[in-house]
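The values are calculated or read from the model by the stated rules, or taken from the named source; none is laboratory data. Computed from a predicted structure; not experimentally measured. Virtual Cβ from ideal backbone geometry, glycine too; neighbours counted across all protein chains shown.
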Amino acid sequence: MNPQPDITPRFTLKAGNFENEKTIQEALRNPDDNKDSLQVVTIRPGLHIVTLQTNPEIIPCYKFDIEHAPVGFFFSLSGKIENVLERGQGKQPASIVNQRGINSVSCLDGARGYSHYLSDEIAEAVMVYIDSKMLTCLIAEELDGISLESRELLQQKNSFFSLPMTGEMYNVATRALYHPYHGTAARLHLEGCGLELLALQIDRFSRDMHREKPLCRADEERIRMAADILVRQMKSPPTISALAMQVGMSSTKLKKGFKQIFGTTIGQFLLQHRMNHARELIINRQVDVTQAAFSVGYSNVSHFIHYYKKMFGVTPGRDKQRRGSYGYPPA
């Protein structure tokens, strides 16, 4: 494990931090970056959905000291962050990396440690926080069939683990982060996404979580390397065969592994990232539609507009008329 970097303290989570939207925002918002895109919606007392975009250039690493936290389900769409947990005197620290396509689950009461970015890519994630007693009640009938890791979470043990997101999780998390709604419509949309993500997570608990044979670490790293290449070269991406050659695996294995890790095809993955990046350019950087299309690799603007509307439900011109970011005024 790499030595601990020079770290700026960021926040301390206390018992009341997850009671309502205001306290969650105060706990999670980066005080040094007013441009962080943070949305919090309380679905019901004890159940919240959070969408977050953070810039590693603003605060590349930070400490955390968690006095109390609910069970957290994390759905990472971009970026790469290592979370290192101290485990007491004489014990080696434990770490978990949240990166594109990862679904991590945690209950970290009393946890201390630090987080630092391993990539300069904007980190985008959707989180669902739920009170452990509420979660226990929801899945009481399935307790006998869930994994040991999940049981430890329900017993409020200091535990965490991660798995690749399913395709359904990836799609719902993307819809939660990128949507065309404002005000009440935005809140209702996020409530729906939060409940759907919770349902998908509970469904995963009730099945054998390791039923599908996992990829070996070397193959997983190659596939993640391929995804990073696509994101960096989205304007002029390599063909699938060229991409497979770059990362040292067959096209068939790359396509199958991509589906297993990211829950989608290589082409759909590229399309999602092109559209998401274009939307960020149009809304937050005031780039015009033609420039945005060219920036993500579309020479035919009509084709770009077609796929943009198909993904977001509005045309890029309509989005350009909006002011501010993806946030919405509080209810």
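For this structure, a couple of remarks:
- Across segment 130-142, the number of residues qualifying as outside any loop (DSSP other than H, G, I, E, B), surrounded by fewer than 21 Cβ atoms within 10 Å (Cβ to Cβ) and at pLDDT 80 or above comes to 6.
- Any chance Lys255 is part of a helix (DSSP H, G or I) and either among the hydroxyl-bearing types (Ser, Thr, Tyr) or not assigned by TED's automatic domain parsing to the domain that holds Tyr178 (or both): yes
- Filter pass, Met245 being at pLDDT 90 or above, among the hydrophobic types (A, V, I, L, M, F, W, C) and not in a helix (DSSP H, G or I): no
- Taking segment 218-277 as the range and being surrounded by 14 or more Cβ atoms within 10 Å (Cβ to Cβ), small (Gly, Ala, Ser) and closer than 30 Å to Pro316 by Cα as the test, the residues that pass are Ala226, Ala227, Gly263.
- Selection within segment 78-114 - more than 28 Å from Pro45 (Cβ to Cβ), of a type in the set (Gly, Ala, Ser) and in a strand (DSSP E or B): Ser78, Ala94, Ser95, Gly113
- Counting only strands (runs of 3 or more DSSP E) wholly contained in segment 1-77, the ones carrying 1 or more residues that are over 21 Å from the mean Cα position of the chain (by Cα) and either modelled with pLDDT of 75 or more or of a type outside the set (A, V, I, L, M) (or both) occupy 8-13, 37-44, 61-66.
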